[in-house]
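To keep things clear, I will list the structure first and then write my remarks on it.
Bear in mind these aren't lab numbers, they're just calculated from the coordinates by the rules spelled out. Since the model is a prediction, treat every value here as computed from it, not as a measurement. All Cβ positions, glycine included, derive from the backbone under ideal geometry; neighbour counts span all protein chains shown.
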Amino acid sequence: MFGQSESAAVTDKINLVLFDMDNVLCDYDRGKRVAWLAELAGSTSEFIHKAIWESGFELLGDCGALDAIDYLQGFGERIGYPLSLDQWVEARRRSMQANRAMLEIAGSLRKTVDIAVLTNNTTLVADHIDTLLPDLRPLFGSQIYTSAQFKTAKPDPRCYRLCLSKLDVRPESVLFVDDLSANVAGAREAGLHAHHHTSVERFRQALSAYGLLHDD
């Protein structure tokens, strides 16, 4: 069964599919990232996780409360290691594995509708996406957005609205896809259609309900 927003597919024409990135377009393993950072800093994974994620520091980056320079500097200070930009990027890269099936679907969708990415992340992710996940640029071009550039983060409805303003599309013409139920709820509050991503097959079913999935 699909949610209320999905059941309304027949009444609104979808012109854009807006994808989350981590655990939608790619499999994200934070544990690998933390372990590599711990080895680099001569510390433990538990210490790194507490210093960055449990402390709320990462959220400051996602919300754009810290610019890229202050974020990177603060990251290093918190883990007790002078982390370089290249090292931060490499740690992030090691945690990401492209989801080929989802990328294939995105490639099929772009033949008939626009596609874009909105991810809760610091601007460093968008700036270095060609290193982190090189498969995205050929599909999404410049339409890869991080929450930090909008100075807020999902599930705040403002994050979606600011992104759609940048894309110059109306909320009711957008289908948003995210693996976190809170972010899906935020999108619906902002007026978007939204799909809670749990599997490729269920996503295909949702797209079919919207009349967006066509056999080649």
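Some points to look at:
- Radius ratio Rg over Rh of segment 30-94, counting only Cα atoms, Kirkwood formula for Rh: 0.92
- Equivalent ellipsoid semi-axes, the chain, via Cα gyration tensor eigenvalues times 5, rooted, Å: 32, 17, 15
- Segment 76-86 - phi-based ³J(HN,Hα) in whole Hz, Karplus 6.51/-1.76/1.60, Gly and Pro as x: x, 4, 6, 8, x, 8, x, 5, 7, 4, 4
- Rg/Rg_globular for segment 141-207, with Rg_globular taken as 2.2 N^0.38 Å and Rg from C-alpha atoms: 1.08
- Rounded to the nearest 20 debye, the dipole size of the chain about its Cα centre is 220 debye, using +1 on the Cβ of Lys and Arg and -1 on the Cβ of Asp and Glu.
- Each pair of Cα atoms in segment 83-125 enters the Kirkwood radius, and Stokes-Einstein at 4 °C and 1.567 mPa s then converts it into a translational diffusion coefficient of 102 µm²/s.
- Crossing angle, helix 100-109 versus the chain [Cα axis fit, 0-90 degrees, rounded to tens]: 40
- Fewest-first ranking of F176, F75, F47, using other Cβ atoms within 10 Å as the exposure measure: F47, F75, F176
- Taking a straight Cα-Cα cut-off under 29 Å and skipping sequence neighbours fewer than 8 places away in the same chain, the lysines within cross-link reach of K50 are K32, K151, K154.
- Two-decimal Rg to Rh for segment 45-148 - Kirkwood Rh, Cα set: 1.02
- The chain - mean residue ellipticity at 222 nm from DSSP helices (-39,500 (n - 2.57) per run, n ≥ 4, rounded to 500): -12500 deg cm²/dmol
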